[in-house]
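Input: a single structure, listed below in structure tokens.
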There are 2 protein chains.
Amino acid sequence: MAKRDDRARKIIEETVLLLKEEGSEGLTLRKVAGRCGITLSNLQYYYPGKTALLQATADHFFLTCEEQIRAERTAALNDDPASSHVFLKRLLTVLITCEQDEFYNTVFRELWALAIRDSALASAMRTYYRRYAAWMTDMMAELFPKAEAIVSLLIPYAEGYALVGESMPLDREEIVSLWYRLITALPDG
Amino acid sequence: MAKRDDRARKIIEETVLLLKEEGSEGLTLRKVAGRCGITLSNLQYYYPGKTALLQATADHFFLTCEEQIRAERTAALNDDPASSHVFLKRLLTVLITCEQDEFYNTVFRELWALAIRDSALASAMRTYYRRYAAWMTDMMAELFPKAEAIVSLLIPYAEGYALVGESMPLDREEIVSLWYRLITALPDG
DNA sequence: ACCTGAACACCGTTCAAGT
DNA sequence: ACCTGAACACCGTTCAAGT
């Protein structure tokens with residue numbers, strides 16, 4: 001069963017790479033099979049249909065992202081009592097300028113595109129974002145009041161900014177400092 | 001040339017209807033041609049490639065949307081000096097609950113999916129959002145200070161909320177009133 | 001200028017057949 | 001349990017040929 005797992009993992013790995021290189025339009029079962037050195041029908045044995053492959057790919061990708069975000073958090077926060085505000089500014093910059101690896105951004109957009117027509121994949125995406133929001137709420141609650149409000153504002157904004165942000169009248173720096181002022185002033189509202 | 005225009009318009013019309021009925025995955029040049037009662041090759045004569053057809057479809061769709069938003073604005077605002085705050089709450093509700101026709105929401109998501117791999121279509125989308133943001137900035141500037149900030153916050157948030165909003169800890173009503181308080185308190189920041 | 005039909009190289013899925 | 005090859009019905013694009 002080690003072989004089974006190895007081959008299944010290799011298929012996911014090549015799917016992510018192909019998604020990065022050619023996008024959702026270029027993602028083809030034959031290409032994935034070819035890169036893995038196996039037959040199209042053999043790939044179909046491990047993932048019976050394109051939907052099954054996409055869902056498994058999204059699952060793997062989401063896990064990787066969550067690990068990376070956790071690492072960033074521990075790197076930013078220290079014993080300094082002022083580090084929570086440093087971290088907030090850092091978090092805003094990361095979310096809004098999408099300076100997280102460009103690779104992840106690309107794959108995420110492709111997954112969104114695929115999820116529109118693949119309701120099982122869309123459901124997996126919803127589950128991920130719910131988990132992501134819950135984790136970020138816990139993290140923010142240790143540092144700021146109204147963590148649920150902050151998360152409910154920031155996560156959708158970050159996703160929307162990736163789509164239409166460059167068409168907005170204010171530039172990135174202005175928006176980051178605007179959000180910083182909004183969030184630190186939140187308890188007054 | 002009236003015939004040329006009629007046929008070109010009919011093709012766009014059927015493309016939008018097919019996009020609504022079957023989504024981007026079901027959008028096929030053969031199907032569009034069939035619904036128009038013409039040949040695949042004849043459709044290719046009017047729109048030389050799928051990209052050309054999609055861009056023309058997006059152009060037409062954006063114009064229709066802009067007209068609808070203008071109509072909503074004039075309907076909400078009147079001589080009552082308090083109507084600007086009524087309008088703000090109404091605008092937030094429309095943007096965040098996506099109560100704009102569900103049909104438009106579907107088509108927009110399909111166009112986003114298609115734009116990811118079609119850079120010419122993506123460019124048309126950017127142009128539309130820039131025009132949309134400029135128009136909304138003018139509109140808000142008559143009623144509130146910091147119109148550019150409001151627009152730079154609201155438009156990306158609305159787009160992102162359509163994607164991930166249902167996975168957030170706060171529900172729609174809480175988010176709408178949160179945004180209302182944030183925007184009316186903006187001048188203080 | 002407008003329209004056609006045939007051919008091209010792809011695609012995801014199915015399935016009987018092998019080990 | 002794992003893997004194969006052939007066939008299926010699609011897809012967008014091209015192009016020589018008609019009016």
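Evaluate region B:89-110: report whether one residue or more is farther than 29 Å from A:R130 by Cα and part of a helix (DSSP H, G or I). No, because not a single residue in region B:89-110 is farther than 29 Å from A:R130 by Cα and part of a helix (DSSP H, G or I).
Picking from residues in region B:7-59 that are outside any helix (DSSP H, G or I) and hydrophobic (A, V, I, L, M, F, W, C), the one that is farthest from DNA strand C (Cβ to nearest atom) is B:L27. In region B:118-130, the residue that is nearest to B:H85 (Cα to Cα) out of those that are at the interface with chain A (Cβ under 9 Å from one of its Cβ atoms) and surrounded by fewer than 18 Cβ atoms within 10 Å (Cβ to Cβ) is B:R130. The residues listed here are B:K50, B:K10, B:K31; of these, the one that is over 20 Å from the mean Cα position of the chain (by Cα) and under 14 Å from B:L114 (Cα atoms) is B:K50.
Of the residues screened, A:T64 is not one that is under 24 Å from B:A113 (Cβ atoms), surrounded by 15 or more Cβ atoms within 10 Å (Cβ to Cβ) and more than 16 Å from DNA strand D (Cβ to nearest atom). Entry remark, region A:23-58: residues being more than 22 Å from A:A124 (Cβ to Cβ) and more than 9 Å from DNA strand D (Cβ to nearest atom) number 5 in total.
Taken residue by residue, region A:145-164 has no member that is free of Cβ contacts under 8 Å to residues at least 24 places away in the same chain, buried (at least 16 other Cβ atoms within 10 Å of the Cβ) and not in a helix (DSSP H, G or I). When A:L92, A:L114, A:L54 are checked against the criterion of being closer than 22 Å to A:I150 by Cα and touching a residue at least 40 places away in the same chain (Cβ under 8 Å), a single residue qualifies: A:L92. In region A:136-164, which residues are facing chain B (nearest Cβ under 7 Å) and among the acidic types (D, E)? Listed by number, the residues that qualify are A:E148, A:E159. Pairing residues of region A:37-51 that are within 15 Å of A:A8 (Cβ to Cβ) with residues that are within 6 Å of DNA strand D (Cβ to nearest atom), at Cβ distances under 7 Å and at least 6 apart in sequence or on separate chains, gives A:Y46/A:R7.
Computed from the coordinates by the stated procedures, all read-outs in this text should not be read as laboratory data. If you're wondering where the values come from, they're calculated on a predicted model, not measured in any experiment. Ideal geometry is used to build each Cβ from the backbone, glycine not excepted, and the neighbour counts take in all protein chains shown.
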